[in-house]
Amino acid sequence: MRGRPKLNDSRDNQYRVRLNDEENGKLSYVSEATGKPKSEIFRYALIDYYNKVRLNEVNSANSEDVWEIDGISLKRVVNCPHCNTPLRVDLKDGCNITTNDGRMGPEILYEFDFEDTCDYCGGHFLIAGYASEYPVGALNHEDIVVFPAQERGGGL
Ligand SMILES: [Zn+2]
């Protein structure tokens, strides 16, 4: 077989990315839900992150003319721990916000720990965890746990 001429945008850089089970589950879920290959999902995430990093960099270099960058959304879907129905929650409601100075502006930490009630089964549950935003506009990390309210204080 004769070699094809290389295209300018040929993808000949390879990375191995290690994922834990939770991350792998999310990747499979998004791939199936959207019908997009897993590799494409990494590329989309990269474009989004790259754009936010560039905006923050140029903002830092132009302190006279700073563009306001929208903060991350903390609207999420969690499953009720009683009936497993997907529920929408806005974690920004009542969360504790702290900031630390980073190399590219502030790192914003959102911490939440509140009780909510399922609209479907009426069961009470607790949502706890945190999300970190860095640079501004980009999700850095998040950890969200949901558990039935009566388990609180039960050795957790
Ligand atoms: Zn429920």
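Miscellaneous remarks
- Working from the Cα coordinates of region 70-156, the gyration tensor eigenvalues give, after taking √(5λ), semi-axes of 28, 14, 9 Å in decreasing order.
- Region 17-68, accessible area per residue, ligands and nucleic acids excluded (1.4 Å, Å²): 86 Å²
- Helix 38-61 and the longest principal axis of the Cα set of the chain meet at an angle near 90°.
- Largest to smallest principal axis extent of the C-alpha atoms in region 17-68, angstrom: 45, 22, 16
- In percent, rounded to a whole number, the relative contact order of region 58-131 is 21, using alpha-carbon pairs under 8 Å and six or more apart.
- Were the residues from ILE144 through ALA128 laid out at 0.36 nm apart, the gain over their Cα-Cα distance would be 5.2 nm.
- Computed from Cα positions, the angle between helix 21-34 and the longest principal axis of the chain comes to roughly 70 degrees.
- Rel. contact order, % - alpha carbon contacts under 8 angstrom, at least six apart, the chain: 16 percent
- Estimated FRET transfer efficiency when R0 is 30 angstrom, pair GLU32-MET104 (beta carbons, to 0.05): 0.30
- Nearest-20 debye value, region 17-68 charge dipole, Cβ charges on Lys, Arg, Asp, Glu: 320 debye
- Alpha-carbon Rg/Rh ratio, for the chain, with Rh computed the Kirkwood way: 1.07
- Here's the picture: charge each Lys and Arg Cβ at +1 and each Asp and Glu Cβ at -1 in the chain, and of GLY105, PRO37, VAL136 the one pushed furthest to the positive end of that dipole is PRO37.
- Taking the 1.4 Å solvent-accessible surface of the chain as the whole, the part contributed by carbon and sulfur is 48%.
The values are calculated or read from the model by the stated rules, or taken from the named source; none is laboratory data. Please read all numbers here as calculations on a predicted model, not as lab measurements. Here Cβ is always computed from backbone atoms with ideal geometry, including for glycine, and neighbour counts include all displayed protein chains. Calculation scope for accessible area: heavy atoms of the full protein, side chains included, ligands and nucleic acids excluded. Shrake-Rupley method; radii C 1.70, N 1.55, O 1.52, S 1.80 Å.
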